[in-house]
Amino acid sequence: MPSFDVVSEVNRVELHNAVDQANKEIANRFDFKGSDARVELAEKLLTLYADDEFKLGQVYDLLTARMGKRGVDVRLLDRGRIESVSGNKVRQECALRVGIDQELGRKIVRLVKDGKLKVQASIQGDAVRVSGAKKDLLQQVMAAIRKAITDVPLQFGNFRD
């Protein structure tokens, strides 16, 4: 029985390269000379540091441009609030949206069931498995999911025949 998985993943290597490129450009740019602007990557968290909110916005724009050039979807960033660190320096944490949470999983399952196609969808951990009798039906489901859900980057993997 043909099936596929709906997942939301990030290419860690490309994300790491994008962060490195952003840090290199920050170090070389004239308007950041002498400032403590940088981007740090943790497991599921990006932390942006700058001297003020304006420069923090520039660091974020620079990071998103590098991510776009490396093929990393910018929609996976969930920006937190801007915090004041020491003196007049600021920090912002951006969580990485990796995996499909329960709410989004239920939304995808509901979308598949409302499509009235002969396919089944089930939540399996941080992925949603969709299975059906024909590949054509699965491709219609993929198109419907792509059209309906635009705020989270989704990938369709593990396609089995």
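Observations on the model:
- So residue 51, is it under 22 Å from residue 126 (Cβ atoms) and surrounded by 15 or more Cβ atoms within 10 Å (Cβ to Cβ): no
- Test: residue 92 is exposed (fewer than 15 other Cβ atoms within 10 Å of the Cβ) and out of contact with any Phe, Trp or Tyr (no Cβ under 6 Å at 6 or more places or on another chain): no
- Meets criteria (assigned by TED's automatic domain parsing to the domain that holds residue 54 and surrounded by 16 or more Cβ atoms within 10 Å (Cβ to Cβ)) for residue 81: no
- Looking across the stretch 119-148 at every residue that is among the aliphatic types (A, V, I, L, M) and out of contact with any helix residue (DSSP H, G or I) (no Cβ under 7 Å at 6 or more places or on another chain), the one that is surrounded by the fewest Cβ atoms within 10 Å (Cβ to Cβ) is identified as 143.
- Residues in the stretch 107-161 that are of a type in the set (Gly, Ala, Ser) and either within 25 Å of residue 76 (Cβ to Cβ) or assigned to a loop (DSSP other than H, G, I, E, B) (or both): 115, 121, 122, 125, 127, 133, 143, 144, 148, 157.
- Apart from one condition, residue 12 fits all of (1) surrounded by fewer than 18 Cβ atoms within 10 Å (Cβ to Cβ); (2) at pLDDT below 90; the exception is (2).
- Restricting attention to the stretch 9-52, the residues that are part of a loop (DSSP other than H, G, I, E, B), touching a Lys or Arg at 6+ places or on another chain (Cβ under 8 Å) and aliphatic (A, V, I, L, M) add up to 1.
- The one condition in (1) out of contact with any strand residue (DSSP E or B) (no Cβ under 6 Å at 6 or more places or on another chain); (2) surrounded by fewer than 13 Cβ atoms within 10 Å (Cβ to Cβ) that residue 1 fails to fulfil: (1)
- Verdict on residue 27 being farther than 23 Å from residue 146 by Cβ and in contact (Cβ under 8 Å) with a residue 12 or more places away in the chain: no
- Comparison of 7, 13 shows that the only residue that is without any contact (Cβ under 8 Å) to a residue 24 or more places away in the chain, under 30 Å from residue 142 (Cα atoms) and within 18 Å of the chain's Cα centre (by Cα) is 13.
The values are calculated or read from the model by the stated rules, or taken from the named source; none is laboratory data. Keep in mind the model is a prediction, meaning the values are calculated, not measured. All Cβ positions, even for glycine, are placed from backbone atoms using ideal geometry, and neighbour counts span all protein chains on display.
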